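The values are calculated or read from the model by the stated rules, or taken from the named source; none is laboratory data. Since the model is a prediction, treat every value here as computed from it, not as a measurement. In this analysis, Cβ positions are derived from the backbone assuming ideal geometry, glycine residues included, and neighbour counts consider all displayed protein chains. Surface areas here come from the heavy atoms of the whole protein model, side chains and all, with no ligands, DNA or RNA. Shrake-Rupley method; radii C 1.70, N 1.55, O 1.52, S 1.80 Å.
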Protein chains: 2
Amino acid sequence: MKNIRTAVIGIGNMGTAHATCLYEGRIIGMELSAVCDISPVRREECSRRFPGVPQFENWREMIASGTLDAVIVAVPHPMHAEIATAVLEAGLHVLTEKPMDVSVSKGRKLIEASKKSDRVFAIMFNQRTNPLFRRAREIVKSGQLGELKRSVWIITNWYRTQHYYDSGDWRATWSGEGGGVLLNQAPHNLDLWQWICGMPVEVTAFCDVAKYHNIEVEDDATIFVRYENGATGTFITTTGEYPGTNRLEIAGTLGKIVLENGVLKWWKLEQPEDVVRFELKKNSGPIPMQVEEITTDEKETAHAGILQNFANAIQHGEALISPGPDGICELTISNAAYLSQWKGNVAIPVPFDEAEFDRELAKRAENSNYHIKDGVHNPDGKYSERWQVNW
Amino acid sequence: MKNIRTAVIGIGNMGTAHATCLYEGRIIGMELSAVCDISPVRREECSRRFPGVPQFENWREMIASGTLDAVIVAVPHPMHAEIATAVLEAGLHVLTEKPMDVSVSKGRKLIEASKKSDRVFAIMFNQRTNPLFRRAREIVKSGQLGELKRSVWIITNWYRTQHYYDSGDWRATWSGEGGGVLLNQAPHNLDLWQWICGMPVEVTAFCDVAKYHNIEVEDDATIFVRYENGATGTFITTTGEYPGTNRLEIAGTLGKIVLENGVLKWWKLEQPEDVVRFELKKNSGPIPMQVEEITTDEKETAHAGILQNFANAIQHGEALISPGPDGICELTISNAAYLSQWKGNVAIPVPFDEAEFDRELAKRAENSNYHIKDGVHNPDGKYSERWQVNW
């Protein structure tokens, strides 16, 4: 079987890492066949890093070149959907970086395009390859935790310095990035959250803009959600705490799981609490239970795992770990969170008024400080440890 | 020095335990000199438990009897302030059960009375005697955590069965108790929270009424607060989860502490994060730090510790662990939380409109199912383990 001829669009930190991974032949069945960036400086870098690999300045020309089978989209967020849509419409497979885009309405158009296409459409939720989160999902989805009562995720270990924000001129701007910690770092967690617990039906958020950094977007957020059955959820994230916490707790009628410090701890009740509650003739517990601590030597295959899965899906029809359309779920939560903040921390029902969100975001983008220019840029081409699950 | 002649008003679960503690001579310098309850059944019980101890049906007659030095108030919450005020005005020392009362406005009147009195006024925040919480407070108050960034308390191990709620007819009613988990169980934690982190300036709450039990008040609540410096806090509690969690995390510019499972873990940064943030020429950490795990063999002296401290304060002027006026702080948070819920989960500034709160509470009390009658009652006279800090 021939290698999948693959291009990377956007040769920044992530794009350089993906291109390097392909260039070094680490993905079976997939090769780096082109790179694309509007920046001459970055294309220069590509000449040094990836000698012999064709370069393009214009992505439309590249996808029309007839030399490609698949494209990885690693440009700034507000261009993901437009480019991915065009790639699919050109008859190529596409994998886009997270988030799917900056607004649900744009993500929805991409999904529509993908429905009309028979090409593979994936998204880079690399943390879905973490074995403990996969196990947590299995426990919840199989009903072994009973009916959901509550989820609480404290995910505050996305620490970033001002240096980080200064490293890309598009970063942490409304027009260049479309949001802050909820749109850049936390999408991984927002995705895992909905992947494991399901989608909320209502979102209230408290987002603090420039709380810790000189930026124009939020670097701290607390989100309160409600699920369809009345269960509640809390999601707390920031790039301004050190050392942060990564602790996900999910409570159900059959017990509780907590993921923290690389351990999945599972309290399994021997009787359903919602029965015991009305039958026990004592004021409180105990309810008999088993406690299991799950650790694993299995590795998080991370970005390379998602790329390999993308390649396998194209070549062998392997089921996607992270199907592209799933991207709209976490984006729905973060969009709703922004809308809640912008409207005075009110509860936003899901689905929400997408036109209203787009108008509000556009207002902020208009006043944004972002202007396209070549920023400081010195990626090492490696997948940073900080992009994986960090306990 | 003569023993402090002490009465207990309200011989329910708590009152029976306090009376037993005094009757058995476990508090040096203090003796049980009278008991008071409106219920003939309960006074009968007292005859068996505390033979020879004078009984009263009417608390006003008792405090006017001239036979007492101090009174412990253990009646249902909505009568705490009225009785404690009368006790102080009668020239006696008073210790009231938590909460101070059901509304800040009533608590305020009690504080006014205490200011005019030279008698000792204490409140039963027994969990303040826990050595780990005392240590946490010391760390925060001494500035060793730097400036506060965030606090998150998941305190969901207040599990209660329907049997518990059925055990007292006043329980979990707006008129009889004045609230649910925020007014009965969580006051301990709300008090410790403000005792350690300080008072918030704004409170938003999501309270679920009768989510898990057949009651008329909330048995589940998530509270989001803001402190004066912009720091945020989240407080999550319920009586409907098993097994619950008791985990307090506090993040500051100099690190983080987490109290869970009987351990206080302390991450101490070697440089202030708010300096590193702008000086480090890397994208994220690490910031060098020391990690300390603090455990202790020292016991939580709990209720008896607070009673002994009350006695010592009366006899020797010992500083109170839990001064009565402090009771208004946690009550301010829970009142604001109710008001937030009642007004549609809006942010309530602190101080809030107390008259509005009182009107809203009165509305609910009017429609309450509570009618005074003798409920099932079989206290064992012991301080239940479940009233202490439970990891």
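Evaluate the following for A:ARG128: is it part of a strand (DSSP E or B) and open to solvent by less than 10 Å² (accessible area, probe 1.4 Å)? Can you show your working first?
Working: part of a strand (DSSP E or B): no; open to solvent by less than 10 Å² (accessible area, probe 1.4 Å): yes.
Considered against the rule, which asks whether it is part of a strand (DSSP E or B) and open to solvent by less than 10 Å² (accessible area, probe 1.4 Å), A:ARG128 comes out as no.
What pairs come up if the first residue lies in region A:181-204 and is of a type in the set (Asp, Glu), the second is assigned to a helix (DSSP H, G or I) and surrounded by 22 or more Cβ atoms within 10 Å (Cβ to Cβ), and their beta carbons are under 6 Å apart, counting only those six or more places apart or on different chains?
From region A:181-204, the pairs are A:ASP191/A:GLU330.
Got a number for residues in region A:80-122 being free of Cβ contacts under 8 Å to residues at least 12 places away in the same chain and assigned to a helix (DSSP H, G or I)?
Number of matching residues: 2.
Counting only residues that are surrounded by fewer than 18 Cβ atoms within 10 Å (Cβ to Cβ) and under 23 Å from B:GLU82 (Cα atoms), how many does region B:297-324 have?
The qualifying residues number 1.
State all residues of region A:156-166 that are in contact with a Phe, Trp or Tyr (Cβ under 7 Å, 6 or more places away or on another chain) and outside any loop (DSSP other than H, G, I, E, B); if no residue qualifies, say none. Reasoning before the result, please.
Going residue by residue through region A:156-166, those that are in contact with a Phe, Trp or Tyr (Cβ under 7 Å, 6 or more places away or on another chain) are A:159, A:162.
Within region A:156-166, just A:GLN162 meets the criteria.
I'd like the residue in region A:272-299 that is more than 8 Å from every other protein chain (Cβ to nearest Cβ) and in contact with a Pro (Cβ under 7 Å, 6 or more places away or on another chain) and, out of all such residues, is nearest to A:LYS98 (Cα to Cα).
A:GLU298
If I filter region B:141-169 down to residues being open to solvent by less than 30 Å² (accessible area, probe 1.4 Å) and aliphatic (A, V, I, L, M), which single residue comes out as farthest from A:GLY252 (Cα to Cα)?
Ranking the qualifying residues of region B:141-169, first place goes to B:LEU145.
Just need a number here: residues in region B:259-275 that are hydrophobic (A, V, I, L, M, F, W, C) and either open to solvent by less than 10 Å² (accessible area, probe 1.4 Å) or closer than 18 Å to B:PRO187 by Cβ (or both).
Count: 3.
Conditions tested, residue by residue: (1) under 19 Å from the mean Cα position of the chain (by Cα); (2) under 26 Å from A:ARG135 (Cα atoms).
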residue	(1), (2)
A:LEU183	yes, yes
A:VAL201	no, yes
A:GLY233	yes, yes
A:GLY240	no, no
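State which residue is farthest from A:GLY168 (Cα to Cα) when the search covers only region B:255-294 and only residues that are touching a residue at least 60 places away in the same chain (Cβ under 8 Å) and part of a loop (DSSP other than H, G, I, E, B).
B:GLY262
Looking at region B:206-220, which of the residues that are under 18 Å from B:ASN345 (Cβ atoms) and facing chain A (nearest Cβ under 10 Å) is surrounded by the most Cβ atoms within 10 Å (Cβ to Cβ)?
By that ranking, first place goes to B:ASP220.
Here are some conditions: (1) modelled with pLDDT under 95; (2) closer than 26 Å to B:GLN315 by Cβ. B:ILE63 meets all but one. Which one does it not meet?
(1)
Collect the residues in region B:149-188 that are in contact with a Gly (Cβ under 7 Å, 6 or more places away or on another chain) and away from chain A (no Cβ under 11 Å), keeping them in residue-number order.
Answer for region B:149-188, where residues must be in contact with a Gly (Cβ under 7 Å, 6 or more places away or on another chain) and away from chain A (no Cβ under 11 Å): B:ASP169, B:TRP170, B:ALA172.
Considering only residues that are closer than 18 Å to B:LYS141 by Cβ and facing chain A (nearest Cβ under 10 Å), which ones fall in region B:255-266?
Answer for region B:255-266, where residues must be closer than 18 Å to B:LYS141 by Cβ and facing chain A (nearest Cβ under 10 Å): B:GLY255, B:LYS256, B:VAL258.
Kindly provide the set of residues from region B:236-253 that are more than 10 Å from every other protein chain (Cβ to nearest Cβ) and either surrounded by fewer than 22 Cβ atoms within 10 Å (Cβ to Cβ) or within 30 Å of B:GLU270 (Cα to Cα) (or both), ordered by number.
Listed by number, the residues that qualify are B:ASN246, B:LEU248, B:ILE250.
Report every pair of residues separated by at least 6 positions or lying on different chains whose Cβ atoms are under 6 Å apart, first residue within region B:123-140 and among the aromatic types (Phe, Trp, Tyr), second part of a helix (DSSP H, G or I) and buried (at least 20 other Cβ atoms within 10 Å of the Cβ).
B:PHE125/B:ASP191; B:PHE133/B:LEU192
Filter region B:330-350 for residues that are in contact (Cβ under 8 Å) with a residue 24 or more places away in the chain and open to solvent by 30 Å² or more (accessible area, probe 1.4 Å); which is farthest from the other protein chains (Cβ to nearest Cβ)?
B:VAL350
For region A:368-380, what are the residues that are modelled with pLDDT of 65 or more and loosely packed, with under 11 Cβ neighbours inside 10 Å?
Residues satisfying the conditions are A:ASN378, A:ASP380.
For region A:1-78, which fully contained strands (runs of 3 or more DSSP E) count at least 3 residues that are in contact with a Lys or Arg (Cβ under 8 Å, 6 or more places away or on another chain)?
A:30-36
Quick one: which helices (runs of 4 or more DSSP H) lie wholly within region A:299-391 and hold at least 3 residues that are more than 23 Å from the chain's Cα centre (by Cα)?
Result: A:354-366.
Starting from region A:29-51, keep only residues that are more than 21 Å from A:ASN309 (Cα to Cα) and open to solvent by less than 10 Å² (accessible area, probe 1.4 Å), then list their pairs with residues that are among the hydroxyl-bearing types (Ser, Thr, Tyr) and part of a helix (DSSP H, G or I) whose Cβ atoms are within a distance under 7 Å, requiring at least 6 positions of separation or different chains.
Pairs that qualify, where the first residue is more than 21 Å from A:ASN309 (Cα to Cα) and open to solvent by less than 10 Å² (accessible area, probe 1.4 Å) and the partner is among the hydroxyl-bearing types (Ser, Thr, Tyr) and part of a helix (DSSP H, G or I), are A:PHE50/A:TYR23.
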